[in-house]
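Q: Next up is a structure, given as structure tokens.
The values are calculated or read from the model by the stated rules, or taken from the named source; none is laboratory data. It should be emphasised that the depicted structure is a prediction, and the values quoted were computed from it without experimental measurement. Heads up, the Cβs are rebuilt from the backbone with ideal geometry, glycines too, and the neighbour counts pull from every protein chain shown. The protein model used for the area step is the full one, side chains on, heavy atoms only, and it has no ligands, DNA or RNA in it. Shrake-Rupley method; radii C 1.70, N 1.55, O 1.52, S 1.80 Å.
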Amino acid sequence: MNTRSVWHTPGHTGRYRERVFAARERLAADHADLRGAQQRVLTDLVGFNASTRFGRRHGLGRVLTVDDFREAVPVRDYADHADLIERTAAGERNLLSADAPAVYFTSSGSTGAHKKVPVTPRFMRTTFMPFYLAAWAPLIEHFPDVLERPDAVLNLKHDPLSAPPTTGDGRPHVGASQVDFGARFGEPLAAEPGTGAPWAALPVATEPGDHLERAYLRLRLAVQSDLRALIGINPAMVAAVPYQLNLWWPRIVKEVRDGTLGGLPHRAPDPGRAAELEHLAEYFGTVRPAQVWPRLRAIFCWTTGVASLYLPALREEFGPGVTVLPAPVAASEGPVGVALDRHASAGSLVASASVYEFVPADQDLSPDSATLLPHELEAGRDYHVVFSHVGGLYRYAVGDVVRVVDTSGGVPRLEYAGRGGRSDAAGERLRDAEVVRALHSALACGGLALRNVACRVEPAAAAAEPGPAHYVFAIAPRTPWHQAETVRFAAALDRGLAEQSAGYAGARAAGRLAAPSVRLLDAEAFDRDWHEAVGAGVRPTQVKDRLFRQDDALWERLTRVPLA
């Protein structure tokens, strides 16, 4: 049974609700004994995989404690795992995990290279599925009408493939959002909200790489439904919706009136709904999602990082009463935290999923980095994430930084703070999280808001006047900024960066960096840039907000139309 038909079977909604709430209760129960839960994960991990090539090489059969594990295995990244992953994908077995992968998740890292993340049935059962199901609990608990009809949710990330690419061993190599968990892992109750909607499996054919046409077709269908929630995970996808509605509005209205989809006959013409949509454009000028779907109440996406700068204003596009619920703190390689309540940004550590270790974010990661365990973390501090799970990743530095918001019942609640890499032109060693916090403070100083932001280091040689390098911030303002406001903002940003980063303060004091400058872009600059990336064939889920953009061609693409 495919994902869409599952949602149409009698009693499915009730069973789904029970399964989701049971998963949340299971995760919450693990929090009663955090250290015990982590020890059980370690014992299962090393016991199951001790006889693998990796297990024999590192003596996992002798590992009893986390200290033993630290002694046996260095901190590793994807490159360190890559050889055994590639050999597994070519058909060798028992290298990293005793379980053969059923699928490989694809993930584009900071280099843009596509990883192959092996996903085994045991990983799905013990690590992924409980966390994945529990993630939906706040949405369906507090907004129960999202389950009243299959078409109540527009799920932007769901994009199944009929003929997915495969690795050498014949397994699919796809994004997590392209996997039918029911068909692949026998988990029909894993079909998430919105996957039973008419647009979940498009009734007209599209080219495999034509992601923009599929996005159009989903919107065209959704304007005839009474949406209650929108699922994006990647907030850049959510931010694109208002732009897309206006970009495609004439085509959408015409197809609703004619009853076509992608130019082909689809259903009965709906001149009444077309007239309503036309009236919105005539009356308001710019069409907003809140006008198209006046009863939409919830958005589910990441709420931290760069998105925290623009989501408060973006939310108003969808309606003043809309709640934004945080998607889990996770990567393709595995989960870290999941919100079990309506906290605006943070999720509780998924204690039963992986063995978790952390390194203070101000330190560089190395194979012998000293690590902290979950109960040793401090609220208000940033950490690199290192995890190990039964799927075959060992002391894996995922490349993300999380911030500990607080603890709940002795368990840390974490929010995504940014990538772990640094921008370091003159010893400033800036991280995403530091720049985002400085931007927040600078915006607050002037009562300003933005639609999105990116930055890069402008080398000294490229400056109009001789002098040190400096940061350029490309900003699409939410509303027009006056010149004096822009000057004050740049000064406040300079102060904020110095407060956040001792390296930046030192580089500025020593004259190795000049003061930052601001380049104002038009309101739709980031929307166009996102569309160009997707139009070039990159899946929408992978076109994420990127704060640091040092690539000359990508910077030119973003900034070529300055604010008039």
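Q: Under 9 Å between Cβ atoms, which residue pairs at least 6 apart in sequence (or on different chains) link something in region 394-414 that is at positive phi with a partner that is assigned to a strand (DSSP E or B) and acidic (Asp, Glu)?
A: Once the first residue is at positive phi and sits in region 394-414, its partners that are assigned to a strand (DSSP E or B) and acidic (Asp, Glu) give Arg395/Glu357.
Q: Output the residue which, of all residues in region 90-104 that are of a type outside the set (Lys, Arg) and farther than 11 Å from Val119 by Cα, is nearest to the chain's Cα centre (by Cα).
A: The initial filter retains those residues of region 90-104 that are of a type outside the set (Lys, Arg), namely 90-92, 94-104.
If we keep only those that are farther than 11 Å from Val119 by Cα as well, we get 90-92, 94-96, 98.
On the way: Ala90: 29, Gly91: 30, Glu92: 31, Asn94: 31, Leu95: 29, Leu96: 26, Ala98: 29 Å.
So the residue we want is Leu96.
Q: What number of residues within region 58-69 are closer than 14 Å to His389 by Cα and not aliphatic (A, V, I, L, M)?
A: Restricting attention to region 58-69, the residues satisfying the condition of being closer than 14 Å to His389 by Cα are 60, 66, 69.
Filter once more, so that each one left must be not aliphatic (A, V, I, L, M): 69.
Total satisfying the criteria: 1.
Q: State whether one or more residues within region 385-404 are buried (at least 21 other Cβ atoms within 10 Å of the Cβ) and farther than 23 Å from Ser107 by Cβ.
A: Looking through region 385-404, at least one residue is buried (at least 21 other Cβ atoms within 10 Å of the Cβ) and farther than 23 Å from Ser107 by Cβ.
Q: Within region 175-206, count every residue that is outside any loop (DSSP other than H, G, I, E, B), within 20 Å of Pro10 (Cα to Cα) and either among the β-branched types (Val, Ile, Thr) or in contact with a Phe, Trp or Tyr (Cβ under 7 Å, 6 or more places away or on another chain) (or both).
A: Residues flagged as outside any loop (DSSP other than H, G, I, E, B), within 20 Å of Pro10 (Cα to Cα) and either among the β-branched types (Val, Ile, Thr) or in contact with a Phe, Trp or Tyr (Cβ under 7 Å, 6 or more places away or on another chain) (or both) within region 175-206 amount to 2.
Q: Glu556 is checked against (1) part of a helix (DSSP H, G or I); (2) within 22 Å of the chain's Cα centre (by Cα) and fails just one. What number does that condition carry?
A: It fails just one condition, (2).
Q: Criterion first (among the basic types (Lys, Arg) and either open to solvent by less than 20 Å² (accessible area, probe 1.4 Å) or in contact with a Phe, Trp or Tyr (Cβ under 8 Å, 6 or more places away or on another chain) (or both)) does Arg76 satisfy it?
A: Working: among the basic types (Lys, Arg): yes; either open to solvent by less than 20 Å² (accessible area, probe 1.4 Å) or in contact with a Phe, Trp or Tyr (Cβ under 8 Å, 6 or more places away or on another chain) (or both): yes.
When the stated conditions are applied, Arg76 passes them.
Q: Sticking with this structure for a sec: Checking the structure you have, find out if any residue of region 60-74 is at pLDDT below 95 and farther than 30 Å from Ser408 by Cα. Don't jump to the end; show me each part of the working.
A: Taking region 60-74 and keeping what is at pLDDT below 95, we get none.
Among the residues of region 60-74, not one is at pLDDT below 95 and farther than 30 Å from Ser408 by Cα, which makes the answer no.
Q: Okay, moving on. When only residues in region 482-496 that are in contact with a Pro (Cβ under 7 Å, 6 or more places away or on another chain) and among the hydrophobic types (A, V, I, L, M, F, W, C) count, which is surrounded by the most Cβ atoms within 10 Å (Cβ to Cβ)? Show your work before the answer.
A: Restricting attention to region 482-496, the residues satisfying the condition of being in contact with a Pro (Cβ under 7 Å, 6 or more places away or on another chain) are 490, 493-494.
If we keep only those that are among the hydrophobic types (A, V, I, L, M, F, W, C) as well, we get 490, 493.
Details: Ala490: 16, Leu493: 25.
Top of the filtered list is Leu493.
Q: Name the single residue, out of those in region 497-514 being outside any helix (DSSP H, G or I) and among the hydrophobic types (A, V, I, L, M, F, W, C), that is most open to solvent (accessible area, probe 1.4 Å). Spell out how you get there, then give the answer.
A: Of region 497-514, the ones outside any helix (DSSP H, G or I) are 501, 510-514.
Retained after the next criterion (residues that are among the hydrophobic types (A, V, I, L, M, F, W, C)): 510, 513-514.
Numbers: Ala510: 64, Leu513: 3, Ala514: 30 Å².
Looking at residues that are outside any helix (DSSP H, G or I) and among the hydrophobic types (A, V, I, L, M, F, W, C), I get Ala510.
Q: Just checking, does region 414-434 include any residue being farther than 23 Å from His343 by Cβ, among the aliphatic types (A, V, I, L, M) and open to solvent by 10 Å² or more (accessible area, probe 1.4 Å)?
A: The answer is yes, given that some residue of region 414-434 is farther than 23 Å from His343 by Cβ, among the aliphatic types (A, V, I, L, M) and open to solvent by 10 Å² or more (accessible area, probe 1.4 Å).
Q: Let me ask something else about it. State yes or no: is Glu18 free of Cβ contacts under 8 Å to residues at least 40 places away in the same chain and over 30 Å from Leu340 (Cβ atoms)? Steps first, answer last, please.
A: Working: free of Cβ contacts under 8 Å to residues at least 40 places away in the same chain: yes; over 30 Å from Leu340 (Cβ atoms): no.
Taking the combined requirement at face value, the residue does not satisfy it.
Q: Spot the failing condition for Lys157; the list is (1) out of contact with any Phe, Trp or Tyr (no Cβ under 7 Å at 6 or more places or on another chain); (2) crowded, with 16+ Cβ neighbours inside 10 Å; (3) under 24 Å from Phe48 (Cα atoms), and only one is missed.
A: The number of the failed condition is (3).
Q: Tell me whether region 515-529 contains one or more residues that are surrounded by 15 or more Cβ atoms within 10 Å (Cβ to Cβ), free of Cβ contacts under 8 Å to residues at least 24 places away in the same chain and at negative phi.
A: For region 515-529, residues surrounded by 15 or more Cβ atoms within 10 Å (Cβ to Cβ), free of Cβ contacts under 8 Å to residues at least 24 places away in the same chain and at negative phi: absent.
Q: Further, regarding this structure: Looking at region 153-198, which of its residues are without any contact (Cβ under 8 Å) to a residue 40 or more places away in the chain and in contact with a helix residue (DSSP H, G or I) (Cβ under 8 Å, 6 or more places away or on another chain)?
A: Of everything in region 153-198, just one residue is without any contact (Cβ under 8 Å) to a residue 40 or more places away in the chain and in contact with a helix residue (DSSP H, G or I) (Cβ under 8 Å, 6 or more places away or on another chain), namely Pro164.
Q: With a cut-off of at least 2 residues that are surrounded by fewer than 18 Cβ atoms within 10 Å (Cβ to Cβ) and of a type outside the set (A, V, I, L, M), name the helices (runs of 4 or more DSSP H) lying wholly within region 1-64.
A: Numbers: elements: 3-6, 12-30, 34-49, 53-58.
Counting at least 2 such residues, we get 12-30, 34-49, 53-58.
Q: Could you tell me whether region 238-253 includes any residue that is open to solvent by 50 Å² or more (accessible area, probe 1.4 Å), in contact with a Lys or Arg (Cβ under 8 Å, 6 or more places away or on another chain) and modelled with pLDDT of 95 or more?
A: Of all residues in region 238-253, those open to solvent by 50 Å² or more (accessible area, probe 1.4 Å) come to 246-247, 250-251.
Keeping just the survivors that are in contact with a Lys or Arg (Cβ under 8 Å, 6 or more places away or on another chain) gives 251.
Then drop every residue that is not modelled with pLDDT of 95 or more, which leaves 251.
Yes, some residue in region 238-253 is open to solvent by 50 Å² or more (accessible area, probe 1.4 Å), in contact with a Lys or Arg (Cβ under 8 Å, 6 or more places away or on another chain) and modelled with pLDDT of 95 or more.
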